[in-house]
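Working notes, beginning with the structure itself.
The values are calculated or read from the model by the stated rules, or taken from the named source; none is laboratory data. What you are looking at is a predicted structure, and each value in this text was computed from that prediction instead of being measured. Positions of Cβ are backbone-derived with ideal geometry, glycine not excepted, and every protein chain shown enters the neighbour counts. Surface areas here come from the heavy atoms of the whole protein model, side chains and all, with no ligands, DNA or RNA. Shrake-Rupley method; radii C 1.70, N 1.55, O 1.52, S 1.80 Å.
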Amino acid sequence: MLTLNINGAMTELDVTPDMPLLWAIRDHALLTGTKYGCGMAQCGACTVHVEGQPVRSCITPVGSVVGKTITTIEGAQSKTAKVIQEAWQTLNVPQCGYCQSGQIMSAVALLENNPKPTDADIDQAMGGNICRCATYPRIRAAIHQAAKALG
């Protein structure tokens, strides 16, 4: 039994320390907003925050995050997260939507560390998140819109 701080709640899960965090979140904590993509940290669909930094939960052993704060898309409630989610809706960023929770988590981390990103900053920060629908121009526009709204 491991106790994790997920979205601000201490959550006991009957999992082994070597289980990928993704499966602990989805199958045991029943927070299904975080998606399984490639299982090799190549696509970013499984992105969550650990201690405020984006990590690929598909390759992160759950035992390595005990005692740390974990935020999933369900718990992304900061001002930055809300403004990004509003920009995503306003600009109709999602197409199929599958990768979008990971995209948003990476965008939140970007703007919380760099409130005025350039196109190059966005490309670098979002480069590990793949969108098979190729919504990249709308993602970039939404990040710029959110940055402007955050002032």
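7 Å from Cα along Cα→Cβ at both Lys82 and Arg132: what's the point-to-point distance in nm?
3.4
Using a 10 Å cut-off on Cβ atoms, rank the peptides 100-106, 56-62, 31-37 from the highest mean neighbour count down. Present the calculation step by step, with values, prior to reporting the outcome.
Details: 100-106: 25.4, 56-62: 21.1, 31-37: 18.6.
The packing order, highest mean first, is 100-106, 56-62, 31-37.
Once you put a point 7 Å from the Cα of Asp27 and another 7 Å from the Cα of Lys148, both along the Cβ direction, what distance in nm separates them?
So the two model labels end up 4.5 nm from each other.
Restricting to the chain, what percent of DSSP beta bridges are antiparallel, rounded to 5?
Bridges in the chain are about 85 percent antiparallel.
What does the chain give for Rg and for Dmax, in Å, if only its C-alpha atoms count?
Rg then Dmax for the chain, in Å: 14.9, 44.
Counting pairs of alpha carbon atoms under 8 Å apart in space and at least six apart in sequence, what relative contact order in percent does the stretch 4-151 give?
Values: 260 pairs, mean separation 37.8, N = 148.
The normalised contact order for the stretch 4-151 reaches 26 percent.
Taking 8 Å as the Cα distance limit and 6 or more residues as the minimum spacing, I'd like the relative contact order of the stretch 1-74 as a percentage. Could the numbers behind the result be given before it?
Numbers: 155 pairs, mean separation 28.6, N = 74.
Answer for the stretch 1-74 is 39 percent.
For the chain, with the dipole built from +1 on Lys and Arg beta-carbon atoms and -1 on Asp and Glu ones, taken about the Cα centre, which of Met105, Gln85, Gly67 lies farthest toward the positive end?
Checking the options against the dipole of the chain, the answer is Gln85.
What residue among Pro115, Pro17, Pro137 shows peak mean-square fluctuation when the chain is described by a Gaussian network model with Cα springs under 10 Å?
Pro137
For the stretch 8-90, what is the accessible area per residue in Å², given a 1.4 Å probe and the full set of protein chains? The partial results should precede the final answer.
Values: 4040 Å² over 83 residues.
Each residue of the stretch 8-90 exposes 49 Å² on average to a 1.4 Å probe.
So if I take the centroid of the Cα atoms in the stretch 91-137 and the same for the stretch 30-58, what is the distance between those two points in Å?
14
At 1.4 Å probe size, with the rest of the protein present, what percent of the exposed accessible area of the stretch 25-128 is carbon and sulfur atoms?
Answer for the stretch 25-128 is 51 percent, counting heavy atoms of protein chains only.
Just add up the charged neighbours of Gly102: K/R +1, D/E -1, any other residue whose Cβ is under 11 Å from the Cβ of Gly102.
Within the 11 Å Cβ shell, the charges total +2.
Taking the chain as a Gaussian network, where each spring joins two C-alpha atoms under 10 Å apart, which residue of Ala120, Ala107, Ala87 fluctuates the most?
Of Ala120, Ala107, Ala87, the Gaussian network model singles out Ala120 as fluctuating most.
Which whole-number percentage describes the relative contact order of the stretch 40-108, with Cα contacts under 8 Å and a sequence gap of 6 or more?
Details: 77 pairs, mean separation 28.3, N = 69.
Relative contact order for the stretch 40-108 comes out at 41 percent.
Once fully extended, how much extra length lies between Asp14 and Thr90, figured as 0.36 nm per residue of separation less the alpha-carbon to alpha-carbon distance? Each step should come with its number before you reach the end.
Details: separation 76, 0.36 × 76 = 27.36 nm, distance 3.99 nm.
Working it through step by step, the gained length comes to 23.4 nm.
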